[in-house]
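Right, one structure below, let's go through it.
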């Protein structure tokens with residue numbers, strides 16, 4: 001099966017997965033920051049690697065990227081991507097007294113980065129545990145890896161595994177934002193490895209050729 | 001400089017530029033940007049290589065621009081077709097970073113250094129001297145080459161800008 005052949009039923013299923021995962025994550029983030037957080041309807045797209053870069057504002061764009069490797073039944077990668085401003089607003093929300101400068105903070109163990117990793121851990125953990133409960137599959141995830149760098153450089157890490165098999169990635173993309181000043185829009189990007197797709201579909205009771 | 005004069009190279013892609021054009025690729029992480037050029041003819045090819053070795057591929061129809069061992073021979077061949085002289089070709093190389101400090105040491109996690117090794121091996125096999133390089137580390141890079149001067153501009157987010 002190539003990804004180009006995703007049926008509309010399969011797309012709907014993947015969209016629903018994005019919905020469930022991000023819905024749960026949004027609740028966690030909302031509790032964590034004590035703010036109302038909203039979630040956009042997820043999109044499922046089959047994109048080239050270059051189109052992938054456009055999702056996150058271009059490969060040159062500086063972003064805060066949290067990366068988690070998923071292992072278990074459905075290997076893949078999850079990204080939680082924030083702009084610099086969003087990340088700083090998020091840290092200030094949690095630690096009001098913090099002196100936050102994401103771009104120039106050289107200490108990867110600083111309060112700022114620890115707070116961001118912890119948020120990532122909680123939010124992504126709820127994203128993935130919702131998926132794993134829903135599908136009845138084992139999805140364990142790595143510790144959070146954080147990088148403040150060019151979006152292209154960060155996203156490529158998750159594409160390396162996929163790129164051995166194809167030149168397209170299936171992206172389940174969900175944007176979240178707070179209800180008020182749109183201070184923390186964030187993006188969840190789920191990149192299943194090609195071998196994970198048949199497992200996801202069969203766990204949800206649809207045939208690969210449906 | 002008019003931005004139409006900049007040839008943009010995507011990921012797993014190869015393109016060519018003739019002065020006064022510039023040639024650029026953005027957001028190199030573990031990928032490697034390989035510039036091969038003939039300074040007198042003022043022509044350059046840039047490959048944005050993603051993986052070291054096409055034998056890693058599980059694809060029936062592979063994209064030759066994705067791998068060091070297929071992209072580099074292609075660049076050399078096309079450059080010569082476009083008037084570059086094989087004996088005069090030189091190379092500059094940037095990229096191959098490790099963006100996250102993984103604890104596990106799976107070969108896929110070391111992809112940046114492996115890409116760099118593969119690129120060096122290819123260039124050596126064609127006897128193309130590497131005049132400058134900026135590889136490894138853990139920063140993303142955007143690079144732009146000027147075939148007129150042979151200068152390679154490198155921008156990073158945290159480690160400033162440089163010319164090599």
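Here, each number is a calculation from the coordinates, and none is a lab measurement. Since we're looking at a predicted model, the values are computed, not measured. Backbone-built Cβ (ideal geometry, glycine too); neighbour counts: all protein chains shown.
Only beta bridges with both residues in the protein assembly as shown are counted; by DSSP, about 85 percent of them are antiparallel.
Packing, as the average of other Cβ atoms within 10 Å across residues, places the peptides A:64-70, B:16-22 in the order A:64-70, B:16-22, highest first. Distances longer than 32 Å among the Cα atoms of chain A: what percent of all pairs is that? Summing the P(r) of chain A above 32 Å gives 14 percent of all pairs. The angle between the Cα long axis of helix B:68-81 and the main principal axis of chain B comes to about 10°, on a 0 to 90 degree scale. When each of the peptides B:40-49, A:130-139, A:51-60 is scored by the mean number of other C-beta atoms lying within 10 Å of its residues, the order from highest to lowest reads B:40-49, A:51-60, A:130-139. Taking square-rooted eigenvalues a ≥ b ≥ c of the alpha carbon gyration tensor, is the range A:1-113 rounded, prolate or oblate, where a/c under 1.5 means rounded and, failing that, a/b exceeding b/c means prolate? It is prolate, given that a/c is not under 1.5 and a/b is the larger ratio. Taking only the alpha-carbon positions of the protein assembly as shown and ignoring solvent, what does the Debye formula give for the base-10 log of I(q)/I(0) at q = 0.11, 0.13, 0.14 Å⁻¹? These q points yield log10 I(q)/I(0) values of -0.77, -1.02, -1.14. For peptide B:138-146, the mean count of partner chain Cβ atoms within 10 Å of a residue's Cβ comes to 3. Here the range B:6-164 carries DSSP beta bridges of which approximately 75% are antiparallel, counting only pairs with both residues inside. Which whole-number percent of Cα pairs in the range A:96-155 have a distance greater than 17 Å? Within the range A:96-155, distances greater than 17 Å cover 53 percent of Cα pairs.
Between the C-alpha center of the range B:110-141 and that of the range B:31-68 there is a gap of 11 Å. Here the calculated FRET efficiency for residue A:206 and residue A:133, from their Cβ-Cβ distance with R0 = 22 Å, stands at 0.75, rounded to the nearest 0.05. Just to be sure I understand the curve: with the Debye formula and one point per C-alpha of the range B:3-163, what is log10 I(q)/I(0) at q = 0.10, 0.17 Å⁻¹? Computed log10 I(q)/I(0) values: -0.32, -0.93.
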